[in-house]
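Encoded as structure tokens, the structure appears first; notes follow it.
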Amino acid sequence: MNKRGRNRNIVNMDRKRHMMEMAETKPPDKAIAAFNRKAYECGDVAGYMAKKYDIKGEIGIEKEAVRADKELP
């Protein structure tokens, strides 16, 4: 027993009872609204960087594809 006089079995029974009570009742509307989130949208890194930092021309979006074997000046 711990200092409050509750042993492991009593704690487990209280937890199970509490979970059953929560399952029977409807959650508040604010809690429901807090868990309604948009799905994660997958996108490419180059598009994200271009949108975030407004550098579309510098990384080759909306232009010809930038080639990796292009010679450097």
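The values are calculated or read from the model by the stated rules, or taken from the named source; none is laboratory data. In this text the structure is predicted, and so the values were computed from the model without any measurement. Cβ: placed from backbone, ideal geometry, glycine included. Neighbour counts: every protein chain shown.
So the values come out like this:
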| item | result |
| --- | --- |
| Pairs with Cβ under 8 Å, 6+ apart, first in the range 43-65 and surrounded by fewer than 10 Cβ atoms within 10 Å (Cβ to Cβ), second in a helix (DSSP H, G or I) and modelled with pLDDT under 75 | 62/56 |
| Single residue of the range 1-42 satisfying the filter (surrounded by 10 or more Cβ atoms within 10 Å (Cβ to Cβ) and in a loop (DSSP other than H, G, I, E, B)) that is modelled with the lowest pLDDT | 6 |
